[in-house]
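The values are calculated or read from the model by the stated rules, or taken from the named source; none is laboratory data. The model shown is predicted, which means the values in this text are computed figures rather than measured ones. Here the Cβ is made from the backbone with ideal geometry for all residues, glycine too, and neighbour counts use every protein chain on show. Side chains are part of the model used for accessible areas, which takes the heavy atoms of the whole protein and leaves out ligands, DNA and RNA. Shrake-Rupley method; radii C 1.70, N 1.55, O 1.52, S 1.80 Å.
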Amino acid sequence: MQTDAMPSWRNVSEERRTFVTHLECGLSGEEVEADRLHGLSSIGRPFLVRYDLDSMAQSLSKETLAERPPDMWRYREFLPVRSIDNVLSLGECMTPLIPAPGVDGDLWIKDEGRLPTGSFKARGLCLAVSMAKELGVTRMAMPTNGNAGAAMAAYCRAAGIEAFVFCPDDTPETNIREIALQGARVYCVNGLINDCGKIVGDGKKAMGWFDASTLKEPYRIEGKKTMGLELAEQCGWHLPDAIFYPTGGGTGLIGMWKAFDELQAMGWIGSKRPKMIAVQASGCAPLVKAFDDGVEHADLWPDAHTMASGIRVPAAVGDFLILRAVRQSGGFAIAIDDEDIFAARDDMSRNGGMLLCPEGAATYAAWKAAVADGRISAQDRSILFNCASGLKYPMPRAGTTLDRHQPIDYGAMA
Ligand SMILES: *Cc1c(COP(=O)(O)O)cnc(C)c1O
């Protein structure tokens, strides 16, 4: 690969080169060519995108990076899109790192609810759909618990790609409506996300779909990787002590772990890693069980249930990558009851003025549990991922009726 300077990002007509060298199966190491459409590897496991990190380190400095606009595409050298004509953007802002309000401890919230479509799925799907456009895809399909489908619908609309979305029939109503409003076909299935995934898999040949299921294409990880790059930059290139990540398919956890390795290979950070803590719901905790059992792959979780729909994922094709990252980091996996998830949401909104999504609230509950049992100290610098806007989820009814034609009892309001 040449090491001459990259063409200007603003020069829209010029072909942009990337630092991608090839794709590699995360389990077997099988290598395939980049710039072609790929699904899973020949053994049915996820591909990871590999880069020429030495050349990248010569072409890009932290100082150059610091001068760029505060959005996801500031990390473009770390990303695989070749032509700027294929770069989709709905305004993928850097998300704020906020000191957890009303909490005693070195606890921070990375608020991903500010992204387009109101969740961090925008990072992954922005990349996946940009790459799909670059590789000539015209129809995409995915199973989703809601937020991924909404993000895919939005970016497919921007790319002129047809989108077909399959979700469990108890997916939050907001998700189903936003998916439809953003131009996708949405089907509500009487089953769970893996049942929806089977419908996509069985139909993709006949329907001409590219399968955008979690980790079944290689680029959502690259989009989610920007969470790790962004976090490292926001922390002054000194990684925190612990990251609490609400884990479904695990794209974000795997992506951040990959980001840290790439940053180290470039000499931008050292070997210190945060403890990666995979947070699941007690009603669907396949990774917690696999972690506790000391095994590399997780069994399908039977009768999965939790109100935190984003982490209701009974089987994850990247299970071994999640478990490896958690173990190598000295972290752990932890299951939280729904009751404690909603108690944590109430606590943070009533006492801190910050409305978390249920999955984000699960990380707060996990932090409290881990501090209580001594696995984490409140003085450790810990990051919680609030992965979606709390406004996307059902909330308890509220509001007291007032009749303006009757005398108002102000005393009763005190
Ligand atoms: C998808 C999702 C998750 C899980 O993210 P993964 O990276 O797929 O594990 C957590 N919370 C919300 C709100 C989500 O939409």
- Residues of segment 215-242 being in contact with a strand residue (DSSP E or B) (Cβ under 8 Å, 6 or more places away or on another chain) and within 12 Å of the ligand (Cβ to nearest atom), which ones? 221, 227
- Message: If I filter segment 259-272 for residues that are in the same structural domain as residue 371 (by TED's automatic domain parsing) and under 23 Å from residue 371 (Cα atoms), do I get at least one hit?
- Response: yes
- Task: Go through segment 315-391 and tell me which helices (runs of 4 or more DSSP H), entirely inside it, have 1 or more residues that are more than 23 Å from residue 250 (Cβ to Cβ) and aromatic (Phe, Trp, Tyr).
- Result: 338-352
- Item | One residue from 325, 304, 316, 335 being of a type in the set (Gly, Ala, Ser), in contact with a Phe, Trp or Tyr (Cβ under 9 Å, 6 or more places away or on another chain) and in contact (Cβ under 8 Å) with a residue 40 or more places away in the chain | 325
- Task: Evaluate segment 335-354: report whether one residue or more is open to solvent by 40 Å² or more (accessible area, probe 1.4 Å) and under 26 Å from residue 40 (Cβ atoms).
- Result: no
- Query: Has segment 13-28 got at least one residue that is modelled with pLDDT of 95 or more, open to solvent by 60 Å² or more (accessible area, probe 1.4 Å), among the polar types (S, T, N, Q) and outside any loop (DSSP other than H, G, I, E, B)?
  - Reply: yes
- Query: In the list 107, 48, 65, which residue meets the criterion of being within 16 Å of the ligand (Cβ to nearest atom) and in contact with a helix residue (DSSP H, G or I) (Cβ under 7 Å, 6 or more places away or on another chain)?
  - Reply: 48
- Message: Condition check: within 13 Å of the ligand (Cβ to nearest atom) and more than 23 Å from residue 94 (Cα to Cα). Does residue 174 satisfy that?
- Response: yes
- Note on the structure: Per the filter on segment 285-312, residues in a loop (DSSP other than H, G, I, E, B), touching a strand residue (DSSP E or B) at 6+ places or on another chain (Cβ under 7 Å) and among the hydrophobic types (A, V, I, L, M, F, W, C) are 285, 301, 304, 308
- Task: Pick out the one residue from 208, 203 that is open to solvent by less than 30 Å² (accessible area, probe 1.4 Å), more than 16 Å from the ligand (Cβ to nearest atom) and out of contact with any Ser or Thr (no Cβ under 7 Å at 6 or more places or on another chain).
- Result: 203
- If you scan segment 26-38, which residues turn out to be in contact with a strand residue (DSSP E or B) (Cβ under 6 Å, 6 or more places away or on another chain) and either closer than 13 Å to residue 215 by Cβ or basic (Lys, Arg) (or both)? 26, 38
- Message: Pairs please, first residue from segment 350-376 and within 16 Å of the ligand (Cβ to nearest atom), second anywhere and acidic (Asp, Glu), Cβ atoms under 7 Å, 6+ apart in sequence or on different chains.
- Response: 365/340
- Message: Whether any residue in segment 275-284 is among the aliphatic types (A, V, I, L, M), under 24 Å from residue 198 (Cα atoms) and in contact (Cβ under 8 Å) with a residue 24 or more places away in the chain is what I want to check.
- Response: yes
- Candidates 379, 328, 406 - the one that is within 22 Å of the chain's Cα centre (by Cα) and more than 20 Å from residue 284 (Cα to Cα): 328
- Message: Suppose we filter segment 45-68 for residues that are open to solvent by less than 30 Å² (accessible area, probe 1.4 Å) and out of contact with any Asp or Glu (no Cβ under 8 Å at 6 or more places or on another chain); how many remain?
- Response: 2
- If we keep only residues of segment 188-212 that are within 19 Å of the chain's Cα centre (by Cα) and small (Gly, Ala, Ser), then the residue nearest to residue 138 (Cα to Cα) is 212
- Look through 330, 267, 310 and report the one residue that is touching a residue at least 60 places away in the same chain (Cβ under 8 Å), open to solvent by 40 Å² or more (accessible area, probe 1.4 Å) and either of a type outside the set (D, E, K, R) or within 30 Å of residue 65 (Cα to Cα) (or both). 267
- Task: With respect to residue 193, determine if the residue is within 16 Å of the ligand (Cβ to nearest atom), in contact with a strand residue (DSSP E or B) (Cβ under 9 Å, 6 or more places away or on another chain), among the hydrophobic types (A, V, I, L, M, F, W, C) and farther than 18 Å from residue 316 by Cβ.
- Result: no
